[in-house]
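Worksheet: one structure, shown below.
The values are calculated or read from the model by the stated rules, or taken from the named source; none is laboratory data. Only a predicted model underlies this, so the values are computations on that prediction, with no experimental measurement involved. Note that each Cβ is placed from the backbone with ideal geometry, even for glycine, and that neighbours are counted across all protein chains shown.
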Amino acid sequence: MSRISEQRRREILTAATAEFTVRGIERASMSDIAVRAGVGKSTIYEYFPSKGELFAEVCKIKMQEMSACIHTVFQEKASFRSQLVSYCSLMLECLEGIDMGQIFTIILHTPEVQDLKKHARQLMGDAARQVVLAIQAAQASGELSPQLDVDDAAAYLIFLPNPHLIGDLKRANRSHPVELIVDLALNGLTRSAPARN
C-alpha cells in the first residue's frame, strides 16, 4: 500500500473511531464517517467493504493499543499497587464511552467481525500474562504473600477495572475511586485465604 493510501486508511479509521464512539455502531453511518474523514463514501468502501469490517478494524487497533499500554504499565519500576492503579486507570480510560454490551452483541451476531473474538481472547491472554508476571514480582519483593495462588489472583485482578463500580463510587462522592478499589482488592489478596476442600 502506498504512503498516500496508508494515510487515507488511517484518516478513515480515525473518523470511524470518532463516529462509533459518539454514535455507536448502529447509528454511525458510512456517509458521516466519509464526511468526517474528508473522503467520498465510495472511498471508504475501497478500503472496507462493510461497516462491520470497518468497525472490526477499529476494534483490532484499539485492542493492540491497549495491549501495548498494559505491557508498559506492568514494566514500570513501581510498586505493585502503583502498577494496579495505572492499569485500572488505563483500562477505564480506554473503556470510557464504550457500551460493552453492544460490543459483545455485535461480536456474537455480526459475521464480519467474528475475527474480533480471537483478538479479544489474545488481548485478555496478554493482559493476564502481564498481571501474572507482576504478581510474581510482587511476591518476590514481599508485597504479596508467596502463598497467594498467582492464577486465581490474576483472574481476579484482570477484571478489576469496572466502569460501573467506579461510576457508583464517584456518584457516592468517594474520593479516588480507582485507588479505593485497588486497595480493597489488595487487602483481600493479602489476607490469608481459607483452606479449600
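Only residues that are in contact (Cβ under 8 Å) with a residue 40 or more places away in the chain and surrounded by 17 or more Cβ atoms within 10 Å (Cβ to Cβ): list them for the stretch 149-185, please. Even if it seems obvious, please write down each step before you answer.
We begin by selecting, within the stretch 149-185, every residue in contact (Cβ under 8 Å) with a residue 40 or more places away in the chain; these are 149, 157, 160-161, 163, 166, 178-179, 181-183, 185.
Residues satisfying the conditions are LEU157, LEU160, PRO161, ILE166, VAL178, ILE181, VAL182, ALA185.
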Scope the stretch 10-32; condition within 17 Å of ILE61 (Cα to Cα) and buried (at least 18 other Cβ atoms within 10 Å of the Cβ); matching residues: ILE12, LEU13, ALA15, ALA16, THR17, GLU19, PHE20, ILE25
Those residues of the stretch 113-147 which are touching a Leu at 6+ places or on another chain (Cβ under 7 Å) and either over 25 Å from PRO177 (Cα atoms) or assigned to a helix (DSSP H, G or I) (or both) amount to VAL131, ILE135, ALA138, GLN139
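May I ask you to verify whether ILE107 is modelled with pLDDT under 70, among the hydrophobic types (A, V, I, L, M, F, W, C) and touching a Lys or Arg at 6+ places or on another chain (Cβ under 9 Å)?
Numbers: modelled with pLDDT under 70: yes; among the hydrophobic types (A, V, I, L, M, F, W, C): yes; touching a Lys or Arg at 6+ places or on another chain (Cβ under 9 Å): yes.
Here the answer is yes, as ILE107 does meet what is asked.
Just to be sure, is ILE70 part of a helix (DSSP H, G or I) and farther than 18 Å from LEU133 by Cα? Talk me through it step by step, then tell me what you get.
On the way: part of a helix (DSSP H, G or I): yes; farther than 18 Å from LEU133 by Cα: no.
Against the criterion (part of a helix (DSSP H, G or I) and farther than 18 Å from LEU133 by Cα), ILE70 does not qualify.
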Kindly indicate which of LYS118, LYS77 is modelled with pLDDT of 80 or more, farther than 27 Å from LEU186 by Cα and either within 14 Å of the chain's Cα centre (by Cα) or not hydroxyl-bearing (Ser, Thr, Tyr) (or both). LYS118
Name every residue in the stretch 37-50 that is among the charged types (D, E, K, R) and touching a Ser or Thr at 6+ places or on another chain (Cβ under 8 Å), in order of residue number. LYS41
